[in-house]
Amino acid sequence: FDKIVELLEQGLGSEQAHTGIFTELGCLYSKYRPEKLMEHIKIFWSRCTIPKLLRACEAGYHWAEACFLQHESEDFDSAARCMMDHSPEAFQHEKFIDTIKKVRNQDLYYAAIDFYLAEEPGRLGHLMDTLQSKLDASRVVHQVRKQKQLFSILAYLKAVQSENLTAVNDAVNEIYVEEEDYDALRSSINKWDNFDQLGLAKVIEKHDLIEFRRIAASLYKLNKRYEKSIELSKADKMY
């Protein structure tokens, strides 16, 4: 084995070196000298038969090397999936951001959100900024709401609230209620009217803070539920 490797290594310096030399040497490294594999791939990947060397990397569980080959051969979908599926070995944040922008399968955008929520929450904002123009905001809300992580994407939600989507507005308003930020809630409902107004009013009509109850009274008034609005106002002596 050592003699075979030595012979192949000597052949690397030849200008007429065949693709098979680079490929076979990489395959041998993957089995017997994995510490040399990444360096070999980074230098000679363009002269290798990538599918064969990639299979060798996958068979040897060399996921960082496999991901490198996928990215350099512009198989961005596979590279993104590899980084998420084998994150301890293959994930690099900046490389992932560069890769996810180039994928063809849009479902990977949403898989990436789940991945970052689970493993890289501190960098989720960077991912959302990168994907903002590519995402279906309503789908994002539905997905993140199931994990009870809406607050983690508040910056994204505020950035896309100008689209005045019901799902986004409802999510933002829900966060403001949970945070007891009545000024932000009032500003939100004054700017963006496409939300479940009566549903929000019902949620906050018995809130401990009077400012929320006042907002509820205002929402009932806007929806011509005058008796309910007057009832709330009288109860708080807001004549």
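Test of understanding: among Lys148, Lys206, which residue is in a loop (DSSP other than H, G, I, E, B) and over 30 Å from Tyr109 (Cβ atoms)? Write out each step before concluding.
Values: Lys148 fails: over 30 Å from Tyr109 (Cβ atoms).
Being in a loop (DSSP other than H, G, I, E, B) and over 30 Å from Tyr109 (Cβ atoms) holds for just one of Lys148, Lys206, which is Lys206.
Looking at the range 166-195 only, could you name the residues that are crowded, with 16+ Cβ neighbours inside 10 Å and not in a helix (DSSP H, G or I)?
Those that are crowded, with 16+ Cβ neighbours inside 10 Å and not in a helix (DSSP H, G or I): Trp192, Phe195.
Identify, please: which residue in the range 89-140 is among the acidic types (Asp, Glu), within 12 Å of the chain's Cα centre (by Cα) and part of a helix (DSSP H, G or I) and is, among those, surrounded by the fewest Cβ atoms within 10 Å (Cβ to Cβ)? If you could, list the steps in order and put the result at the bottom.
Going residue by residue through the range 89-140, those that are among the acidic types (Asp, Glu) are 89, 94, 98, 107, 114, 119-120, 129, 136.
If we keep only those that are within 12 Å of the chain's Cα centre (by Cα) too, we end up with 107, 114, 119-120, 129.
Narrowing the set further to residues that are part of a helix (DSSP H, G or I) leaves 107, 114, 119, 129.
Details: Asp107: 9, Asp114: 15, Glu119: 12, Asp129: 13.
The qualifying residue surrounded by the fewest Cβ atoms within 10 Å (Cβ to Cβ) is Asp107.
Kindly provide the set of residues from the range 209-233 that are over 26 Å from Ser162 (Cα atoms), hydrophobic (A, V, I, L, M, F, W, C) and assigned to a helix (DSSP H, G or I), ordered by number.
Selection gives Ile210, Ile230, Leu232.
Given the options Glu163, Glu174, name the one that is touching a residue at least 12 places away in the same chain (Cβ under 8 Å) and over 23 Å from Lys221 (Cα atoms). Reasoning before the result, please.
On the way: Glu174 fails: over 23 Å from Lys221 (Cα atoms).
Selected residue: Glu163, the only one of Glu163, Glu174 that is touching a residue at least 12 places away in the same chain (Cβ under 8 Å) and over 23 Å from Lys221 (Cα atoms).
Within the range 3-40, work out how many residues are modelled with pLDDT under 85, under 19 Å from Leu54 (Cα atoms) and among the small types (Gly, Ala, Ser).
Of the residues in the range 3-40, 1 are modelled with pLDDT under 85, under 19 Å from Leu54 (Cα atoms) and among the small types (Gly, Ala, Ser).
Within the set of pairs 6 or more residues apart or between chains, which connect a residue that is at positive phi inside the range 217-234 to a residue that is aliphatic (A, V, I, L, M) and open to solvent by less than 60 Å² (accessible area, probe 1.4 Å) with Cβ atoms less than 7 Å apart?
From the range 217-234, no pairs qualify.
For the range 149-176, give me each residue that is under 16 Å from Ser133 (Cβ atoms) and aromatic (Phe, Trp, Tyr). Walk me through it before giving the result.
In the first step, residues of the range 149-176 are kept if they are under 16 Å from Ser133 (Cβ atoms); the result is 153, 155-163, 165, 168.
The one that is under 16 Å from Ser133 (Cβ atoms) and aromatic (Phe, Trp, Tyr): Tyr156.
For the range 188-239, what are the residues that are more than 32 Å from the chain's Cα centre (by Cα), within 22 Å of Leu154 (Cβ to Cβ) and aromatic (Phe, Trp, Tyr)?
Of everything in the range 188-239, just one residue is more than 32 Å from the chain's Cα centre (by Cα), within 22 Å of Leu154 (Cβ to Cβ) and aromatic (Phe, Trp, Tyr), namely Phe212.
Filter the range 53-88 down to the residues that are without any contact (Cβ under 8 Å) to a residue 24 or more places away in the chain and aliphatic (A, V, I, L, M), then identify the one that is most open to solvent (accessible area, probe 1.4 Å).
Per the stated criteria, the residue is Leu54.
Considering every residue within the range 133-150, establish whether at least one is over 30 Å from Gln92 (Cβ atoms) and in contact with a helix residue (DSSP H, G or I) (Cβ under 7 Å, 6 or more places away or on another chain). Please lay out each step first, then the result.
Going residue by residue through the range 133-150, those that are over 30 Å from Gln92 (Cβ atoms) are 138.
The next check asks that each one be in contact with a helix residue (DSSP H, G or I) (Cβ under 7 Å, 6 or more places away or on another chain); those that pass are 138.
Yes, there is a match, as at least one residue in the range 133-150 is over 30 Å from Gln92 (Cβ atoms) and in contact with a helix residue (DSSP H, G or I) (Cβ under 7 Å, 6 or more places away or on another chain).
The values are calculated or read from the model by the stated rules, or taken from the named source; none is laboratory data. Model, not experiment: these values are computed from the prediction. Cβ coordinates were reconstructed from backbone atoms using ideal geometry, including for glycine residues, and neighbour counts include every protein chain displayed. Accessible surface areas use protein heavy atoms only, side chains included; no ligands, DNA or RNA. Shrake-Rupley method; radii C 1.70, N 1.55, O 1.52, S 1.80 Å.
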